[in-house]
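Trainee: Got a structure for you, questions after.
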Amino acid sequence: YCMIKSNRSIGGYFKLELFEGNEYHPEAIALNSGRHCFEYILRLRNYKKVYIPYYTCEVMLEPINKLGIKYEFYHIDENLEPQFDFSKLQEDESLLYTNYFGLKDDYINTLPPKHNIIIDNCQSFFSKPSAWFDTFYSPRKFFGVPDGGYLYTYDNLRLNTKLEQSVSYNRCSHLLKRIDLSAEEGYADFKKNDKELSNEPVMTMSNLTQRILSSIDYDYVKGKRNKNFKLFHNQFKDINILNLDLIVNSNISPLIYPLLLNKPKLRESLISEKIYIPQYWPNVLLWTSIDDFENFLTNHLISLPIEQRIKQDDIRRIFNSINKY
């Protein structure tokens, strides 16, 4: 017999059974979250100043403040595009642009080919990375994973630092409680997990998260999201303040269906019926005035769920609840 040396355990109790497939972003740098991908870019490029949209999650400030980098906000227009003069962007400065709800791929392709633009694809998992820009993703916005982030650098450059690997087994209670108990009973654990991610340094993705992300039927998920998005659009296109007609004809798999209505109490009405509508993002109300478009978006956007769990009965229930309101 040939001698094979290995310390891998053989036999004994079983681990969690997961289908062994492939990740959707196998060529990316696999890290512990989207915000840590952003921090990785800032460390790699050594930017002195970053322009960020008013309409973004406050966690995007964590790496900026952590590294002591100057920042300045910019506004977006009603097409969710920057009101910004790109010609003033200096080489040691960067602009962060969010691919809002996974709907702005076509716009990103029109951006000036300046390598110091960073694309936040946390809301657009299935979008291809840009050849011109550093691009990062957050899989937990789309799938039942405790953490994780993917990063593509436009020049394949890496930090010359060995990173520790994250460990995720102790951050799965909200995922398991949602199956075994209910969404409501797992929510506190979900919030706790989100807070704990802020305290981690940049690390590589955990074995557990990577294993879960290798078990997903991505073709099914993409198709289901695209189908549900179109169902919502056909129902609400005549009342939606956002013009999504051009987008709906694309082969997209967005995060949500963004329904913008001047109905400030509709979100609360839906939540009271256990239709959970996240608010993007409460911190924006502190950063903007009531006359700003971002303020209106935060108060009035109804982010309808289109994910792979949504069934026809769920869609009919959402239709009925909104029409009743």
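The values are calculated or read from the model by the stated rules, or taken from the named source; none is laboratory data. Nothing here was measured: the structure is a model prediction, and the numbers come from that model. Every residue, glycine among them, receives a Cβ derived from its backbone with ideal geometry; neighbour counts consider all protein chains shown. All accessible areas refer to the heavy atoms of the entire protein, side chains included, with ligands and DNA or RNA removed. Shrake-Rupley method; radii C 1.70, N 1.55, O 1.52, S 1.80 Å.
Trainee: Using θ = phi - 60° and the Karplus relation 6.51 cos²θ - 1.76 cosθ + 1.60, list the HN-Hα couplings for the stretch 108-125 in order, rounded to whole Hz, with x at every Gly or Pro.
Mentor: With the stated coefficients, the stretch 108-125 comes to 4, 5, 9, 5, x, x, 9, 5, 8, 8, 10, 9, 8, 9, 4, 9, 8, 4 Hz.
Trainee: Follow-up question, since we're still on this one. Rounding to the nearest 20 debye, state how big the charge dipole of the chain is about its Cα centre with +1 on each Lys and Arg Cβ and -1 on each Asp and Glu Cβ.
Mentor: Values: 40 positive and 41 negative charges, 172 e Å.
Around 820 debye, computed over the chain.
Trainee: Using Cα pairs closer than 8 Å and at least 6 residues apart in sequence, work out the relative contact order for the chain, in percent. Can you show the working numbers first?
Mentor: On the way: 512 pairs, mean separation 63.0, N = 325.
19 percent.
Trainee: Going highest first, how would you order 37-46, 268-277 by mean Cβ packing within 10 Å? Provide the component values of the computation, followed by the final result.
Mentor: On the way: 37-46: 20.6, 268-277: 13.8.
By packing density, highest mean first, the sequence is 37-46, 268-277.
Trainee: Could you identify which residue out of THR209, THR288, THR98 has the top mean-square fluctuation in a GNM of the chain using Cα springs shorter than 10 Å?
Mentor: THR288
Trainee: A further question follows. Classify the stretch 28-160 as rounded, prolate or oblate from the Cα gyration tensor: take a ≥ b ≥ c as the square roots of its eigenvalues, call it rounded if a/c is under 1.5, otherwise prolate when a/b beats b/c and oblate if not. Write down the numbers at each step before the final one.
Mentor: Working: a/c = 1.34, a/b = 1.12, b/c = 1.20.
Verdict is rounded for the stretch 28-160.
Trainee: Alpha carbon centre of the stretch 45-71 versus the stretch 217-236: separation in Å?
Mentor: 33
Trainee: Can you classify the chain as rounded, prolate or oblate using the Cα gyration tensor, where a ≥ b ≥ c are the square roots of its eigenvalues, rounded means a/c under 1.5, and otherwise it's prolate if a/b beats b/c and oblate if not? Provide the component values of the computation, followed by the final result.
Mentor: Working: a/c = 1.72, a/b = 1.14, b/c = 1.50.
Oblate shape, in that a/c is at least 1.5 and b/c is the bigger or equal ratio.
Trainee: For ILE306, enumerate residues with amide H under 5 Å from its amide H, sequence gap 5+ or separate chain, H modeled in the peptide plane.
Mentor: TYR257
Trainee: Would you work out which of LEU163, ILE119, TRP132 lies farthest towards the positive end of the dipole of the chain, given +1 charges on the beta-carbon of Lys and Arg and -1 on that of Asp and Glu, about the Cα centre?
Mentor: Farthest towards the positive end: LEU163.
Trainee: Quote the FRET efficiency, to the nearest 0.05, computed for ASN243 versus LYS162 with a Förster distance R0 of 35 Å and r equal to the Cβ-Cβ distance. Walk me through the numbers on the way to the answer.
Mentor: Working: r = 48 Å, r/R0 = 1.37.
My answer for the efficiency is 0.15.
Trainee: Of LEU260, ASN295, GLY12, which is farthest towards the positive pole of the chain's charge dipole, taken about the Cα centre with +1 and -1 on the beta-carbons of Lys, Arg and Asp, Glu respectively?
Mentor: Sorting the options by dipole projection puts first GLY12.
Trainee: Return a whole-number percent for the relative contact order of the stretch 35-143, with Cα pairs under 8 Å and 6 or more residues apart as the contact set. Kindly include the intermediate steps, with their values, before the conclusion.
Mentor: On the way: 167 pairs, mean separation 24.3, N = 109.
Averaging sequence separation for qualifying contacts and normalising by length gives 22 percent for the stretch 35-143.
Trainee: Restricting to bridges with both residues inside the stretch 39-117, how much of the DSSP beta-bridge set is antiparallel, in percent to the nearest 5? Mind showing how you got there, number by number?
Mentor: Working: 1 of 10 bridges.
For the stretch 39-117, the DSSP antiparallel bridge percentage is about 10.
Trainee: For a protection proxy built on the mean count of beta-carbon atoms within 10 angstrom, sort 129-135, 179-185 highest first, please. Please report the intermediate quantities before stating the final value.
Mentor: Working: 129-135: 20.6, 179-185: 11.0.
Ranking the peptides 129-135, 179-185 by packing returns 129-135, 179-185.
Trainee: Next question. Between SER94 and residues 5 or more places away or on another chain, which pairs have amide H atoms under 5 Å apart, with H built 1.01 Å from N, and which residues are they?
Mentor: Amide H neighbours of SER94, under 5 Å, 5+ apart: LYS49, VAL50, TYR51.
Trainee: Under a Cβ-only charge scheme (Lys and Arg +1, Asp and Glu -1), can you give me the dipole magnitude of the stretch 1-95 about the Cα centre, in debye to the nearest 20? All intermediate terms of the calculation are to be shown ahead of the outcome.
Mentor: On the way: 11 positive and 15 negative charges, 153 e Å.
Rounded to the nearest 20 debye, it is 740 debye.
Trainee: Next up: Let me know the shape class of the stretch 224-274, please: from the alpha-carbon gyration tensor, a ≥ b ≥ c as square roots of the eigenvalues, rounded when a/c is under 1.5, otherwise prolate if a/b is greater than b/c, or oblate. Write out the running numbers ahead of the final one.
Mentor: Details: a/c = 2.66, a/b = 1.56, b/c = 1.71.
Since a/c reaches 1.5 but b/c is at least a/b, the shape of the stretch 224-274 is classed as oblate.
Trainee: What number comes out for accessible area per residue over the stretch 176-325 if the probe is 1.4 Å? Units Å², please. Please report the intermediate quantities before stating the final value.
Mentor: Working: 8190 Å² over 150 residues.
Spelled out: the 1.4 Å probe surface of the stretch 176-325, per residue, equals 55 Å².
Trainee: Now for a different question. Taking 18 Å as the cut-off for C-alpha to C-alpha distance, list the pairs among LYS224/LYS311; LYS104/LYS222; LYS128/LYS311; LYS224/LYS274; LYS66/LYS192 that go past it. Mind dumping the intermediate values first?
Mentor: Numbers: LYS224/LYS311 9 Å; LYS104/LYS222 16 Å; LYS128/LYS311 27 Å; LYS224/LYS274 22 Å; LYS66/LYS192 21 Å.
Correct reply: LYS128/LYS311; LYS224/LYS274; LYS66/LYS192.
Trainee: Considering the options THR153, TYR51, SER214, tell which one lies farthest towards the positive end of the dipole of the chain, charges being +1 on Lys and Arg and -1 on Asp and Glu at the Cβ, about the Cα centre.
Mentor: Highest projection toward the positive end goes to SER214.
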